[in-house]
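What follows is a set of notes on a single structure, which appears directly below.
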Amino acid sequence: MQIRGDKLKELCAQKGLTLTRLLEQAGVSKNAYYSLARKHSVLPRSVLAIADRLGVNPSVFLEDRPAEEQRWRSLLDEVDRISARNPHSDRDNIRHTLLLLQEPPIERLRRALTRGQKLDLY
């Protein structure tokens, strides 16, 4: 897998960024970027060796980003947006509410009813 400079510049333009600005925001030095861009493959040799031994492309067993991580990242981004609009709100309450809203309404109701039926032992 190689870095396609033209594709990267196109993506930057779509986001209204220059390549230099993108690298600054990503915390990647220009030297590091151009070093990677010159390489035949940005994947470690060990990954290439495994793929070669299996006779497959490395993309067959590599993931872009785990789905669970992506889901949490998007949830936390939403928490950030809501808390920016409501600075006095509790971030944990926002996160918890968003998690509950992802569940089917019947599950939320069932849990609330179960909680309401428990005895207060104190």
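A few remarks follow.
- Top-ranked residue of region 38-73 - restricted to ones that are of a type in the set (S, T, N, Q) and surrounded by 10 or more Cβ atoms within 10 Å (Cβ to Cβ), ranked as nearest to M1 (Cα to Cα): S41
- Residue check for V28: free of Cβ contacts under 8 Å to residues at least 60 places away in the same chain and surrounded by 10 or more Cβ atoms within 10 Å (Cβ to Cβ): yes
- Search result, residues across region 1-25 that are loosely packed, with under 13 Cβ neighbours inside 10 Å and outside any helix (DSSP H, G or I): Q2, R4, K15, G16, T18
- Check on I94, surrounded by 12 or more Cβ atoms within 10 Å (Cβ to Cβ), at pLDDT 85 or above and not small (G, A, S): yes
- Close contacts from region 33-50, counting a first residue that is part of a helix (DSSP H, G or I) and a second that is modelled with pLDDT under 85 and surrounded by 11 or more Cβ atoms within 10 Å (Cβ to Cβ), with Cβ to Cβ under 6 Å and a gap of 6+ residues or different chains, come to L36/V42.
The values are calculated or read from the model by the stated rules, or taken from the named source; none is laboratory data. Remember, predicted model here, so these are calculated numbers, not experimental data. With ideal geometry, Cβ positions are generated from the backbone for all residues, glycine too; neighbour counts draw on all protein chains shown.
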